[in-house]
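K.L.:
For reference, the structure I am asking about is given below.
The values are calculated or read from the model by the stated rules, or taken from the named source; none is laboratory data. Remember, it's a predicted structure, so these values are computed and weren't measured experimentally. Here the Cβ is made from the backbone with ideal geometry for all residues, glycine too, and neighbour counts use every protein chain on show. Ligands, DNA and RNA are stripped out before the accessible areas are found, and what is left, the full protein with its side chains, is counted by its heavy atoms. Shrake-Rupley method; radii C 1.70, N 1.55, O 1.52, S 1.80 Å.
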Amino acid sequence: MPCTARPEYWSSPVTDHAVPAAFVDRHIGARRDEDIKHMLNAVGYDSADALADTAVPDSIKQASPLGLAPALSESEVLAALRGLAAKNRPHVQMIGQGYYDTITPAVIRRNIVENPAWYTAYTPYQPEISQGRLEALLNFQTAVEDLTGLAIANASLLDEATAVMEAVLLMRRANKNKDVAAAPGHGKTVLDADLFPQSIAIVAGRARALGFEVEVADLSKGLPEGPINGLVIQQPGASGLVADATGLIAEAKERGAMVTVAADLLALTLIKSPGEQGADIAVGSAQRFGVPLFYGGPHAAFMAVHKGLERQLPGRLVGVSKDDAGRPAYRLALQTREQHIRREKATSNICTAQALLAIVASMYAVYHGPEGLKAIAERTHAHARTLAAALESAGVEVVHRSFFDTVTARVPGRAASLVAAAEGKGVNLRLVDADTVGVSCDETTTADTVAVVAGVFGAGPAGDAADTAGGAPFALEGAMHRASLYLQHPVFHSYRSETQMMRYLRRLSDRDLALDRTMIPLGSCTMKLNAAVEMEAITWPEFAGIHPFAPDSQTEGWRELIADLEQDLASITGYDQVSIQPNAGSQGELAGLLAIRGYHHSRGEAQRDVCLIPASAHGTNAASAVLAGMKVVVVATASDGTIDHGDLAAKIEANAGRVAAIMITYPSTHGVYDADVREVCDAVHAAGGQVYIDGANMNALVGLAQPGQFGGDVSHLNLHKTFCIPHGGGGPGVGPVAARAHLAPFMPGDASVWHVGGADEHSLPVSASRYGSAGVLPISWAYVKLMGGSGLTEATKSALLAANYVAKRLDAYFPVLYTGEGGLVAHECILDLRELTAKTGVTAEDVAKRLIDFGFHAPTLAFPVAGTLMVEPTESEDLGEIERFIEAMIAIRAEIDQVAHGDFPLADSPLRRAPHTAAAVVATDWDRPYTREQAAFPGRTPSQDKYFAPVGRIDGAAGDRNLVCACPPLEAFEEN
Ligand SMILES: *Cc1c(COP(=O)(O)O)cnc(C)c1O
C-alpha cells in the first residue's frame, strides 16, 4: 500500500494536534475529531460528554472534577522522577533477610524488562499465541524443580513470605494423617524461629484470621510437643545457618507432620536440596536470579512440591500438551483459572502472579547455566567465609560455622553503632538486635567491600583474611554438600553467547502476541497503553537498587513518590486512605476484607463472618473471602445482569447479625453501570455489613464516579489494569487497597516488624515488604502526573466511547448481552454467542481461536458468562485498530453463517480448525473444504504482517491427563 493510501474510514484529513502533542494525545488512541465524530455518530451521541452523562447513573456521579495537579509533559515527568530518584541514596546492600543484590545481565534487561514484546503480554490463557512466554515459564519451573529436588513447581507466587503462608495452607489442606486430623484444630503449624521475620508475621497474621495455631520454635532444641500439622524450616536460616535437616524432617513426618523448606535458589547450587532432605514442599524467592531489589518487589516467589501434591498447588502451572498436529505445545495446566471454577473451594486466591520476574529469573539460569550459577554461588560463599575469618581473627564472635552467604556476628551492646559505622562507609548491614549484626554477601560483593566491612568490625584487611579462608574454616557442613546434578536440560547449556541469548529471546517473543502487535480486547483486564516514558524510571539504580529494609534516611525519594501516589489514588477513588502494599488485585481484596474483619472484631462483632458475593463476581472474590476467614453466601443476579434485590434481601435476612460484607464489582462484571448500586450498599449497611467494591473496573469510573462516595467502605484497584503497569504475561501487579477513615486503622501493617500482641495488631500485613511491588509504582505515578485530572477523565470517556462503538457495531452480528441506561454499556461489553452455538455448534472458543488467524488476541472467554466473549477496547486503541477488530469479527460471523448453510462441516471449518499454522497451510496435502487463502489470510489480514500461530489448537485435556511440567526432551520436537 503506498503511504498516501488510507482505509476508507479515515474519510477526512487529519486534524491538527496541538504542537507539541500533550501526553493525553499519545495515550488516547482516537483523538482526531473525525474519528471521534465517526464513533459518536454510530452510537448516536453528539459528544463523549453526553454519552458519559447518559451512561453513568445520576445517583453516583462525582460531585466535582478530580482535584489533581495539572498534567506534566513527558520531559517534565522524567525531570520530576530524576528529582525523586536523587532523594534516594543507594548503598551497598548487605542486609539480606530475603533480598540480595544481583546483576541483571544487560541482554536480559534490554530484551525482556525493557521490551514490550515481553512486558505487554497478557496472562497466557490463550496458549496458541503464548508459546514463547510459556516456554520461558516452563524453564523457570524446571530450574526450580531441579534446584529444590522436587517434582513439580509452579510458575511463580507473589513473594517469599506469602509463599510460606501458601505452603502452610497447602499443608493444612493436604495433611490427611489420622492423628493430626483428629487433633484439636487439626494440629498446630510450627515455624522455625530462624525464618525471616516477615514470613513469620504473614503466617501469624493469617492464622489469626483463619483461627489456627502457630508456634514459633527454636528447632535446635528439637521439635515442640503435641500434634503438628506442618513444619516450616528456613535454609539457609535468617541467621545464615546451613544445617542438615534430614533427621528433623524425618522425625516430623514420623509424627504426622508435613514439612516445607523455605530455600534460597543460589544456595541450592551448593547445598543438599529440600527434596533430598525429605521435604514435601519448597518455597522461596527467585529474586537474586537477576531481579533488582526494587525496594521490596516485584520478585517471583516459587513453590515446588513432591508428586501427588500437584492438584493442591496454588498459582499457575505450565504443562506440556499437544497441538492438533501432534506436536508438543505448552499451556497452563490443571487449575488455569481455578478461582473461577472452584470459587470458595479454590486452593488459593492468587490470580496475577509474577510472570515477568519469573521469566527474568529463568533466563538468568538459562544464560549462566549450572556452572555459571555455581560459580556465582561459590564466589558469594567465599566472600562470606573471608569475612567470617577476618572477624574471628579480630576476636569477633561468629555465631555459625556453616553458612552460605550470611555471617552473623555477636557484638554485645555494639550492634547499632557498628551498623551505623558501616552505613557511614556506604554499606547497609542488618541490625538483628542490640547484640547481633548480620552481613549478607551476594553476586555483587567484592573483596574491597569485604575489607570495608571487616574494617568496621576492627578486623584487619581482607587480604590477610582471604589467605586463611582458602583453608578449612567455615566450610559448609559436610552432610550439606550437594552431590546431585541440576539444570541438565539442553536449554540451560545452549545460550552462552550474547548473540545466542538475544536470538533466543527474540525467537520466543516472536511466537507471542502482545500489545506491541495487536489490541488485546480483554474484558475486565484493561489492556491499555503502557507508555515507554512511564516505564523509563523503573530500572534506574536509585529506584531499583534500594533494599526494602534500608533505613528511611536513604529512601526519602521512594517514600515521597509512594505517599504522593497514595494521595492521588485517594483523590481519584474518593476514599480517605490508600495502601499500595498489596501486590496483586487478589491481595488487595484480602487486605480489604481483613480490614473489614478487624473493624467488626474491634467493635465486639466477631460473629460477623458472612460475605455476600454476587454470582457474577470475579473468582478471586470468593477465594479471598475464605482466606480472610469468612463464609461465602452467593447472591443471585437478575436476568438484566444486576443484583437480584429479592435474593439480596433474603440472604441478608437469613444471615441477620452475621453479615460482615458484600463484595460487588462496579461497574458490574456484566459491563454495565447498575443504577441501583446505592440501594444495594444501603441495604447491606442497614444490616450492619460493610461494602467492598472491587475496583478492577475503575477504568469506567476515573473522573466520573468515586466508589468511596457512592457507598463503598473499601475497594482495591488494579494498577496493572487501570493505571498502566504492564501485565508482564501474568504479573507483576499492584492491588492498592483504598478505604474510608473508619477502616484506616485496619490497613496492612509492616511484616518486618509486625507481631502478635504488637501495637498495630489489627493491621495484618499482606505482603512481605512494606510497599509490596514498589519497583513498578513509578509507572502509575508517571501516568497520573502525565494525564492530570482532566486527562484521566478524558481517558475514561474515550474508553466508554470505544466500548459503546464496538457494542453498536457488533450487536447485529453477536448480540450484546447486557446494556444499561440508554442502551449503553460501560467500558466493556459481553457478546453473546450462545444462540449461535446452539444453532451451529460454533463456540466462543472457536471464535477466540479464529481471531488468531486475523492476528488478534482473543477477548475474555467465558467470563463472567459461559458461552460469551467480553470485549474491552480501552481508550488507547485508535479507530483503525478497533475497525480492524470489528471487521475480523464480522468476517468470522460470515464463516459461522457458512457453517450454518452447510458450506463446510463444523469439524472441518476454518473456525474449528483454527488457528492455522504456516506448516498446516503450506502442507502438500490440503484436503479441507475451504481454501488455503481463507485459512491464512481471512478478511483483510495484511500479507506483509501476517502472524502465524506457532502451534495449532492445543488439546488441553490431554495435557492434564498426562501432566508434564518440566522442559520436554528435545527429541519431542523432532519432526518426522
Ligand atoms: C483482575 C481482577 C481481579 C484480580 O486481580 P489480580 O491482580 O489478577 O489478582 C479481581 N476482580 C476483578 C473484577 C478483576 O478483573
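K.L.:
Kindly indicate whether any position in the range 525-532 is open to solvent by 10 Å² or more (accessible area, probe 1.4 Å), at pLDDT 95 or above and closer than 17 Å to residue 132 by Cβ. Steps first, please.
P.N.:
Of the range 525-532, the ones open to solvent by 10 Å² or more (accessible area, probe 1.4 Å) are 525, 529-530, 532.
Still in the running and at pLDDT 95 or above: 529-530, 532.
Still in the list and also closer than 17 Å to residue 132 by Cβ: none.
No, the range 525-532 contains no residue that is open to solvent by 10 Å² or more (accessible area, probe 1.4 Å), at pLDDT 95 or above and closer than 17 Å to residue 132 by Cβ.
K.L.:
Here's something else I'd like to know. Which count do you get for residues in the range 212-241 that are among the polar types (S, T, N, Q) and open to solvent by 30 Å² or more (accessible area, probe 1.4 Å)?
P.N.:
Within the range 212-241, residues that are among the polar types (S, T, N, Q) and open to solvent by 30 Å² or more (accessible area, probe 1.4 Å) number 1.
K.L.:
For the condition within 26 Å of residue 869 (Cα to Cα) and β-branched (Val, Ile, Thr), what is the one hit in 129, 112? It would help to see each step written out before you state the result.
P.N.:
Working: 112 fails: within 26 Å of residue 869 (Cα to Cα).
None of the others qualify; the one that does is 129.
K.L.:
Among the strands (runs of 3 or more DSSP E) contained in the range 382-452, which hold 2 or more residues that are polar (S, T, N, Q)?
P.N.:
Numbers: elements: 406-410, 430-433, 436-440.
Counting at least 2 such residues, we get 406-410, 436-440.
K.L.:
Being over 32 Å from the mean Cα position of the chain (by Cα) and either of a type in the set (D, E, K, R) or within 16 Å of the ligand (Cβ to nearest atom) (or both): is that true of residue 343 here?
P.N.:
Considered against the rule, which asks whether it is over 32 Å from the mean Cα position of the chain (by Cα) and either of a type in the set (D, E, K, R) or within 16 Å of the ligand (Cβ to nearest atom) (or both), residue 343 comes out as no.
K.L.:
Continuing with this model, one more query. Restricting the search to the range 575-625, which residues are crowded, with 24+ Cβ neighbours inside 10 Å, away from the ligand (no atom under 16 Å from the Cβ) and part of a helix (DSSP H, G or I)?
P.N.:
Across the range 575-625, the qualifying residues are 595, 596, 597.
K.L.:
Answer yes or no as to whether residue 735 is modelled with pLDDT of 95 or more, on the phi > 0 side of the Ramachandran plot and within 16 Å of the ligand (Cβ to nearest atom).
P.N.:
On the way: modelled with pLDDT of 95 or more: yes; on the phi > 0 side of the Ramachandran plot: no; within 16 Å of the ligand (Cβ to nearest atom): yes.
The answer is no for residue 735.
So that you can scan it fast, the table gives a plain yes or no per residue for (1) more than 16 Å from the ligand (Cβ to nearest atom); (2) closer than 30 Å to residue 176 by Cα:
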site: 314; (1), (2): no, yes
site: 334; (1), (2): yes, yes
site: 390; (1), (2): yes, no
site: 403; (1), (2): yes, no
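K.L.:
Can you run down the residue pairs with Cβ atoms below 7 Å, 6 or more apart or on separate chains, where the first is in the range 576-601 and among the basic types (Lys, Arg) and the partner is more than 16 Å from the ligand (Cβ to nearest atom)?
P.N.:
Matching pairs, first to second residue: 597/209; 597/629; 597/660.
K.L.:
Would you mind stating whether residue 367 is under 26 Å from the mean Cα position of the chain (by Cα), part of a strand (DSSP E or B) and not polar (S, T, N, Q)? Give the steps one after another, and end with the answer.
P.N.:
On the way: under 26 Å from the mean Cα position of the chain (by Cα): yes; part of a strand (DSSP E or B): no; not polar (S, T, N, Q): yes.
Here the answer is no, as residue 367 does not meet what is asked.
K.L.:
If you don't mind, there's one more thing I want to ask. Whether any residue in the range 722-730 is touching a Pro at 6+ places or on another chain (Cβ under 7 Å), assigned to a loop (DSSP other than H, G, I, E, B) and either at positive phi or modelled with pLDDT under 95 (or both) is what I want to check.
P.N.:
Scanning the range 722-730, I find at least one residue that is touching a Pro at 6+ places or on another chain (Cβ under 7 Å), assigned to a loop (DSSP other than H, G, I, E, B) and either at positive phi or modelled with pLDDT under 95 (or both), so the answer is yes.
K.L.:
I've got another one for you. How about the range 490-509: which of its residues are exposed (fewer than 13 other Cβ atoms within 10 Å of the Cβ) and not in a helix (DSSP H, G or I)? Steps first, answer last, please.
P.N.:
Step one: list which residues in the range 490-509 are exposed (fewer than 13 other Cβ atoms within 10 Å of the Cβ), which gives 490, 497, 499, 507.
Listed by number, the list holds a single entry, 497.
K.L.:
While we're looking at this one, here's another question. Can residue 207 be described as among the hydrophobic types (A, V, I, L, M, F, W, C) and farther than 21 Å from residue 398 by Cβ?
P.N.:
Taking the combined requirement at face value, the residue satisfies it.
K.L.:
Name the residues in the range 883-897 that are over 12 Å from residue 841 (Cα atoms) and either touching a His at 6+ places or on another chain (Cβ under 9 Å) or of a type outside the set (Lys, Arg) (or both), would you?
P.N.:
We begin by selecting, within the range 883-897, every residue over 12 Å from residue 841 (Cα atoms); these are 883-895.
Within the range 883-897, 883, 885, 886, 887, 888, 889, 890, 891, 892, 894, 895 meet the criteria.
K.L.:
Okay, next question. Within the range 510-554, how many residues are under 16 Å from residue 769 (Cβ atoms) and in a loop (DSSP other than H, G, I, E, B)?
P.N.:
7
K.L.:
Still on this structure, please answer the following. Examine the range 883-894 for a residue that is closer than 28 Å to residue 827 by Cβ, assigned to a loop (DSSP other than H, G, I, E, B) and open to solvent by 40 Å² or more (accessible area, probe 1.4 Å), and state whether such a residue exists.
P.N.:
No - not one qualifying residue is present in the range 883-894.
K.L.:
Further, regarding this structure: For the range 168-190, state whether one or more residues are assigned to a loop (DSSP other than H, G, I, E, B), within 19 Å of the chain's Cα centre (by Cα) and closer than 30 Å to residue 482 by Cβ. Before you say what the answer is, go through the steps one by one.
P.N.:
So in the range 168-190, the residues assigned to a loop (DSSP other than H, G, I, E, B) come out as 175-177, 183, 187.
If we keep only those that are within 19 Å of the chain's Cα centre (by Cα) too, we end up with none.
The answer is no, given that none of the residues of the range 168-190 is assigned to a loop (DSSP other than H, G, I, E, B), within 19 Å of the chain's Cα centre (by Cα) and closer than 30 Å to residue 482 by Cβ.
K.L.:
Let me ask you something else. If a residue has to be open to solvent by 30 Å² or more (accessible area, probe 1.4 Å), outside any helix (DSSP H, G or I) and among the aliphatic types (A, V, I, L, M) to count, how many in the range 805-841 make the cut?
P.N.:
2
K.L.:
What number of residues in the range 555-569 are open to solvent by less than 60 Å² (accessible area, probe 1.4 Å) and assigned to a helix (DSSP H, G or I)? First the steps, then the outcome.
P.N.:
Filtering the range 555-569 down to residues open to solvent by less than 60 Å² (accessible area, probe 1.4 Å) leaves 555, 557-558, 561-566, 568-569.
Next, from what is left, pick out any that are assigned to a helix (DSSP H, G or I): 557-558, 561-566, 568-569.
Selection size over the range 555-569: 10.
K.L.:
Still on this structure: Quick check on the range 78-98. Is at least one of its residues at positive phi and in contact with a Gly (Cβ under 8 Å, 6 or more places away or on another chain)? Working first, answer last.
P.N.:
In the first step, residues of the range 78-98 are kept if they are at positive phi; the result is 96-98.
Now drop any that are not in contact with a Gly (Cβ under 8 Å, 6 or more places away or on another chain), which leaves 96-97.
Yes, because at least one residue in the range 78-98 is at positive phi and in contact with a Gly (Cβ under 8 Å, 6 or more places away or on another chain).
Yes/no per residue for (1) over 27 Å from residue 39 (Cα atoms); (2) open to solvent by 20 Å² or more (accessible area, probe 1.4 Å):
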position	(1), (2)
863	no, no
874	no, no
878	no, yes
896	no, no
913	yes, yes
918	yes, yes
930	yes, no
